[in-house]
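See below for the structure under consideration.
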């Protein structure tokens, strides 16, 4: 009886989650602010398998002409595991290879891409690691462009770092298009490819906008997906998760329900009360929705920072609006000027005003 009462007290003090996920590591992140909404061992490093290819895809978009024709060399014969079955001497557009990389997780495509973009896989991996540092992936190390591991040695990262990478990548429209594609047809000089993606979440959850799967025997199942609902945009990363697609669906349903999208900036109704500038209207180019719980809405604030210029021309950046949740900056939106007089707005300095008074 005492043991039962003690168990009851523990449940009251430390209630169990109403649901549990199978992942060893997981992160749910707001794609717009980078705020982590849920974390399970989010900064613990482990093998990541083919979700590596998110970085491979982004680096290729950044550093190369996607219309370039790739001539497949013998290095693709070294690739094993998942493949799009490229042939030595085959000619295919680099952009087409990116779809094979992301939809079919082609390791041969990754090798061909790396050699084309950087001259070798070693040079390409250098670009991957340097960019990872640039965007703040502090616990990530790449050794190849595909994610295969040998005797437990391969690409390592964390659920947080991979969510951060995906947040950055989704700001690139070309990456966003490829990441969200479910079927793609490509043609080379030898054959026609019809690729269908491996991301089952597209058929399981209608708000899915993208994803990349991964698996090796050492890393187990890894998965990155994105979804959007009513101005709420999330990325979920799970590592070592044998029930990953169901877990992602459950996490999306939980956090879309828990958080509200509050319209903090309306680009069609943006006004600032300012005495410094006359004949100047202010505008922003984008709406912004803050993802917060009902209880957090009262803690949202907008800090307006205006630069003090003597002359203001049309469409010049004139300041910033910082959206804060308590001390956390969720978003920074640029503010622009619209000069209603269509000429420079000249401010009169204090000394000029004083000279005018003395002359009078």
Margin query: Can you find a residue that is crowded, with 19+ Cβ neighbours inside 10 Å, in contact (Cβ under 8 Å) with a residue 60 or more places away in the chain and over 30 Å from residue 23 (Cα atoms) anywhere in the stretch 242-253?
Written below: no
Next item on the list: At least 2 residues that are at pLDDT 95 or above and closer than 24 Å to residue 151 by Cα in each: list the strands (runs of 3 or more DSSP E) lying fully within the stretch 189-248 that qualify.
Entry: 208-216, 220-229, 232-239
Next item on the list: Evaluate the following for residue 138: is it in a loop (DSSP other than H, G, I, E, B) and surrounded by fewer than 18 Cβ atoms within 10 Å (Cβ to Cβ)?
Entry: yes
Check: Of the numbered conditions (1) under 17 Å from residue 213 (Cβ atoms); (2) assigned to a loop (DSSP other than H, G, I, E, B), residue 88 satisfies every one except a single condition; which is it?
Finding: (1)
Check: Could you count how many residues in the stretch 137-152 are at negative phi and out of contact with any strand residue (DSSP E or B) (no Cβ under 9 Å at 6 or more places or on another chain)?
Finding: 5
Checklist line | Selection count where residues are in a loop (DSSP other than H, G, I, E, B), over 23 Å from the mean Cα position of the chain (by Cα) and over 30 Å from residue 21 (Cβ atoms), scope the stretch 268-312 | finding: 18
Note to self: Exactly one of these conditions fails for residue 171: (1) at pLDDT 95 or above; (2) over 18 Å from the mean Cα position of the chain (by Cα); (3) farther than 23 Å from residue 218 by Cα; (4) surrounded by fewer than 24 Cβ atoms within 10 Å (Cβ to Cβ). Give me its number.
What the structure shows: (2)
Next item on the list: Could you pull out the residue among 294, 198 that is touching a strand residue (DSSP E or B) at 6+ places or on another chain (Cβ under 9 Å) and surrounded by 15 or more Cβ atoms within 10 Å (Cβ to Cβ)?
Entry: 198
Notebook entry, point to check: Could you list, in sequence order, the residues of the stretch 49-67 that are farther than 24 Å from residue 220 by Cα and either surrounded by 13 or more Cβ atoms within 10 Å (Cβ to Cβ) or at pLDDT below 95 (or both)?
Noted result: 59, 60, 61, 62, 64, 66
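The values are calculated or read from the model by the stated rules, or taken from the named source; none is laboratory data. Just so it is clear, the model here is predicted, and its values are computed rather than measured. Neighbour counts run over all protein chains shown; Cβ positions are idealised from the backbone, glycine included.
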